Amino acid sequence: GPALQRVPINILQLVIGVLLVLFGMRWLRKAILRSAGIIGLHDEEAIYAKETASLRQDGKPQQRLDKIAVATTFKAVVLEGLEVVFIVIATGAVGGMLVPASIGAAAAAIIVIILGLLIHKPLSRVPENTLKFVVGIMLSAFGVFWVGEGLHFEWPGQDLALLGLIAAFFVTAIISVRLAKRPAMSGASL
């Protein structure tokens with residue numbers, strides 16, 4: 001908490017920006033390769049159907065509580081919750097804004113729950129690779145923006161520069177898909 005206030009904001013922005021770029025580019029790279037047909041699409045519904053059929057063949061489902069499944073689920077939820085807590089503390093500790101950051105996190109949680117309930121069905125129809133494509137673009141754009149902020153770069157249009165970064169990543173990704181789809185030139189020499 002308070003010790004985080006001693007870390008200069010530009011260093012924090014730089015570190016978080018680099019992490020966002022790394023995660024975003026990893027997602028975007030895989031989405032580009034999947035869109036180009038170089039690696040197979042990841043079909044969660046098919047995987048779920050296959051696993052369900054396999055479990056049905058193995059025998060009758062157990063009616064008792066699976067302790068390992070409960071422990072694994074609990075661990076995953078606690079870890080995700082702790083990440084949110086750390087983010088709220090990190091952002092709120094800077095400038096003594098812990099209460100507003102906590103209120104914002106609670107409001108965001110409520111909004112996400114409501115949106116999840118409302119758009120769950122329509123969103124499940126969006127292809128998974130499309131979602132990963134969009135998330136990769138967004139994470140990469142925000143990462144580059146934060147790296148620039150950490151390096152005291154004066155963005156043209158300030159925060160609106162994010163829209164330009166998103167557009168640039170989108171165009172670059174589309175071009176990358178098209179280039180990756182091209183058949184390799186066999187027998188070409190330099």
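What the table below lists for this structure:
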item: Accessible area of the chain belonging to carbon and sulfur atoms, whole % at 1.4 Å probe; result: 70
item: Charge-dipole axis of the chain as Lys and Arg at +1 and Asp and Glu at -1 on Cβ define it, positive-most pick from GLY17, ILE113, LEU41; result: LEU41
item: Accessible area (Å², 1.4 Å probe, nearest 10) - VAL126; result: 50
item: Accessible solvent surface per residue of the chain, calculated while the other protein chains remain in place, 1.4 angstrom probe, Å²; result: 77
item: For the chain, built as a Gaussian network whose Cα springs stay under 10 Å, the top-fluctuating residue of LEU55, LEU118, LEU19; result: LEU55
item: Identified option (computed Cα extents along the principal axes in Å; candidates (1) 52, 42, 28; (2) 51, 37, 26; (3) 63, 58, 30); result: (3)
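The values are calculated or read from the model by the stated rules, or taken from the named source; none is laboratory data. This one's a predicted model, so the numbers in the text were calculated from it and none came from an experiment. Methodologically, a virtual Cβ is constructed for each residue, glycine included, from the backbone with ideal geometry; neighbour enumeration extends over all protein chains shown. The protein model used for the area step is the full one, side chains on, heavy atoms only, and it has no ligands, DNA or RNA in it. Shrake-Rupley method; radii C 1.70, N 1.55, O 1.52, S 1.80 Å.
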